[in-house]
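The numbers here are math on the coordinates, done by the rules we state, and not lab data. Everything quoted here is computed from the prediction, not taken from an experiment.
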Amino acid sequence: MTTTEKQYYEQNNVKKAKYTVSEHNGIDTHKDGSPFFGIAIFSNKKKKNKYVKELIKQGYTYKN
């Protein structure tokens, strides 16, 4: 799967992390060509929501 679309998705309560947001900038890939998703970890919902708003401003879309 190769894509040039900026995408993100959220996961809550992963181990000790309260909120996580993973994002793919449409460019970075692993050696096998699969998309590389970076991760941001938050313990505060307001900070997580602010981060997601910034991603949306940058053209990211939510990945189901």
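Values for this structure:
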item: Gained length - S22 relative to S43, 0.36 nm times residue gap less alpha-carbon distance; result: 6.1 nm
item: Helix-only [θ]222 nm of the chain, DSSP H runs n ≥ 4, -39500 (n - 2.57) each, per residue, nearest 500; result: -6500 deg cm²/dmol
item: Ratio of the Cα radius of gyration of the chain to 2.2 N^0.38 Å, where N counts its residues; result: 1.14
